[in-house]
Amino acid sequence: MPIKIYGDPGSGSLRRVTSAAAIMGVAVERVNIDLFAGESQTPEFLALNPHGLSPVMVDGDFVVYESSAINLYLAEKAGGELLGTSMRERYEVLQWMFWSGEQWRIFATLTFDERIGKRLMGELEDESIVRLAFAKIRAGAAVLDAHLADRRFVVGDRVTLADLDIAAPFSQSHRTKIPLGEFPNLVAWQQRLLETVPAWAQTKREVDARIDGALGAAGIQL
């Protein structure tokens, strides 16, 4: 029975999972969930994730939500190097994954909700929320930019789950205008991922097609 991954193709969180699965050669069955149509709020989906968010992984009778947890599960099953090649690297990867969840991605998601999500619902963004999110993003980006000054990737000399977790905000950055372009090492690292990790480039195309299509259908020009 294949591992099923439920998610909206426009989701940066789903992108992290599908990219990791592709890199590791883990076969998954995609089940599309249209977040804009409310498909994540059905009783059937809420039974999988009571938060009504995607992605969700179903492997037999085992259900896991939260992208980082899904990726850790897939990496444990597949082996390989996405979790590092030593105990030290493994904990560095975990450190940066936790950092990303606590200090980083949440503010990019908040900006997307304000600048894109609200427009899709016909509402106005709250500028004070955007200012707060930008301040937090700049603080995190400064730390990350310094870390990447003499590194090709976040941990070690190859891509790991830490890179995928931290790169997720770039999925919508040209739409939300979060201030990542102010940090040259961060920009160069993201370009490096696109050029050296085919799965990351492919999932970017998928996200762009989905979100641009939704915006176009709603008559929204950014």
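The distance from the alpha carbon centre of region 1-25 to that of region 175-222 is 17 Å, rounded to a whole number. Charges were assigned to the Cβ only: +1 to each Lys and Arg, -1 to each Asp and Glu. The resulting dipole of region 111-222 about its Cα centre is roughly 120 debye. Output the antiparallel fraction of DSSP beta bridges having both residues in the chain, as a percent to the nearest 5. Bridges in the chain are about 60 percent antiparallel.
What longest range of the chain stays clear of loop-exposed trypsin sites (Lys or Arg not before Pro) (DSSP non-H/G/I/E/B, at most 16 other C-beta within 10 angstrom)?
Result, exposed sites excluded: 1-150.
Mean residue ellipticity, 222 nm, helices only, the chain: the sum of -39500 (n - 2.57) across DSSP H runs of n ≥ 4, divided by residue count and rounded to 500, is -17000 deg cm²/dmol.
Think of a 1.4 Å ball rolled over the protein heavy atoms: region 76-212 then has 51 Å² of accessible area per residue.
Of the residues Gln103, Ala142, Pro179, the one whose Cα sits farthest toward the positive end of the charge dipole of region 79-222, with +1 on the Cβ of Lys and Arg and -1 on the Cβ of Asp and Glu, is Pro179.
Please report the carbon-and-sulfur percent of the accessible area for the chain; probe 1.4 Å, protein heavy atoms only, DNA, RNA and ligands left out. Carbon and sulfur atoms account for 54 percent of the accessible area of the chain. Measuring between alpha carbons in the structure, the pairs from Lys77/Lys136; Lys4/Lys136; Lys4/Lys204 lying more than 29 angstrom apart are Lys77/Lys136; Lys4/Lys136.
The values are calculated or read from the model by the stated rules, or taken from the named source; none is laboratory data. Given the structure is predicted, the values throughout are model-derived calculations rather than measurements. A quick note on method: Cβ atoms are made from the backbone with ideal geometry, for glycine too, and the neighbour counts reach across all protein chains shown. Ligands, DNA and RNA are excluded from the accessible area calculation, which covers all protein heavy atoms including side chains. Shrake-Rupley method; radii C 1.70, N 1.55, O 1.52, S 1.80 Å.
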